[in-house]
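See below for the structure under consideration.
The values are calculated or read from the model by the stated rules, or taken from the named source; none is laboratory data. Computed from a prediction, not measured in an experiment: that's the story for all the values here. Note that we place each Cβ from the backbone using ideal geometry, even for glycine, and neighbour counts take in every protein chain shown.
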Amino acid sequence: MSKTKLIFYNPSFENGGVENNIKNLIFLLKKNKNFKIKLITTTPEIKIFNQKFKTGFPKFLEPLCLNRMVRYFFCSLTLFFYCLSDKYTILSFQNNIASIIIARITFTKIIVRLNTSTQKYISNIFKKMFFSFFYNLANIIICNSLNFKKDIKKTFGISATVLNNFINYSYIKKKKNENIDIKLTKKSCIKILNIGRLTNQKNQILLLKALRKVKFNFYLIILGSGELLQNLKNFSKRNKLLHKVKFIKFSKNPYKFLNWCDLFVLTSKYEGMPNVLIEAGYLGKNIISSNCPTGPKELIKHKFNGLLFKNNSEQALINEFNYYKKNQKKKFGLKLKKEIEKKFNNNENLKKLISIVQKL
């Protein structure tokens, strides 16, 4: 029996939920002898849970990939030549328009995985028509939440297929107990964590604005990198928060920080289905999340297994902080953990993906 050949296409491999999903999926599929996998990204070799994995990207091109657009260009060329050389199925996570065009030119089947709410990039009718035209050329569109599916249907008129995120539970368990080799506060307080790129989308400034007005003792770690780092530091300095806030660059092991915290807070303006919420919930952490499009409200039932606040509302976030302070003994996170283990079942999810690929 011939193997099904899959190309995972994600030109700019960064430290985010999408990349974690790709790693988890490759890890699971490598055990399946019916599949042969190539990853096209601008790193010739990546680590997947401490195991080296060679990608399909030429090593001599890596020094030329200094920014995202150049990475997209060279990865598109690489994808094109692979599709000409053999019969592959493309699973595209990024630079989707280019991958769809290449798929149509080379008569290759393509599955496009959309990662975040359409609110991120559909700002006018012309963009709506442009993306709708190309997405309709894909064989299948997949997304990672029911509300995201509704968003895609409403915006583009396309019926997407929901495929839940893949989570490596055993790896999380293993890494959560590693020591944190950074000096943190030893004072008695509520330990708060936020993880994400320091961008407008992740909206960490809202978190700082709300915390400057709360009346309880806290210590906050913001774990991530991005263009807004200095702005966030400047705001913290102006509002005398620097002794309560620590900025830490992306860690290869965020789970030890999740294990450390009492409360995980997500302030994003839009998402798909945030991996980090699933991981925090799996570790039984209490969560406060923005009720942003499209994923959080499918995970969190307000005041039952977590807390939701009105998207981008400072006062609403303050209210939920105060509610949490009064109700810490309720242990919302333990209820969420049970639901996550049931909903994000890797075996069932993998069967669904394999079925999708085989029907193409």
Quiz item: Between residues in the range 70-88 that are in the same structural domain as S99 (by TED's automatic domain parsing) and of a type in the set (A, V, I, L, M) and residues that are modelled with pLDDT of 95 or more and assigned to a helix (DSSP H, G or I), which pairs lie under 8 Å by C-beta distance while being six or more apart or on different chains?
Solution: L79/A98; L79/S99; L79/I102
Exercise. Name the one entry in K233, K237, K186 that is assigned by TED's automatic domain parsing to the domain that holds N291, over 17 Å from the mean Cα position of the chain (by Cα), assigned to a loop (DSSP other than H, G, I, E, B) and without any contact (Cβ under 8 Å) to a residue 24 or more places away in the chain.
Key: K186
Quiz item: Is there a residue being under 30 Å from I354 (Cβ atoms) and among the aliphatic types (A, V, I, L, M) anywhere in the range 172-184?
Solution: yes
Practice problem: Only residues that are farther than 19 Å from K252 by Cβ, outside any loop (DSSP other than H, G, I, E, B) and of a type in the set (A, V, I, L, M): list them for the range 26-72, please. | Solution: L28, L29, I37, I40, L61, L64, M69, V70
Quiz item: Are any residues in the range 150-183 under 19 Å from the mean Cα position of the chain (by Cα) and among the hydroxyl-bearing types (S, T, Y), and if so, which ones?
Solution: T161, Y169, S170, Y171
Quiz item: For the range 161-181, what are the residues that are surrounded by fewer than 19 Cβ atoms within 10 Å (Cβ to Cβ), among the hydrophobic types (A, V, I, L, M, F, W, C) and farther than 30 Å from N136 by Cβ?
Solution: I172, I180
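If we keep just the residues of the range 30-56 that are among the aromatic types (F, W, Y) and either within 23 Å of the chain's Cα centre (by Cα) or loosely packed, with under 11 Cβ neighbours inside 10 Å (or both), which is modelled with the highest pLDDT?
F53
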Self-check item: Residues being under 20 Å from L6 (Cβ atoms) and β-branched (V, I, T) - total across the range 59-82
Solution: 1
Quiz item: Which one of L220, L207 is touching a Lys or Arg at 6+ places or on another chain (Cβ under 7 Å), of a type outside the set (G, A, S) and closer than 20 Å to I288 by Cβ?
Solution: L220
Practice problem: For residues that are out of contact with any Gly (no Cβ under 9 Å at 6 or more places or on another chain), at pLDDT 95 or above and hydroxyl-bearing (S, T, Y), tally how many sit in the range 109-143. | Solution: 1
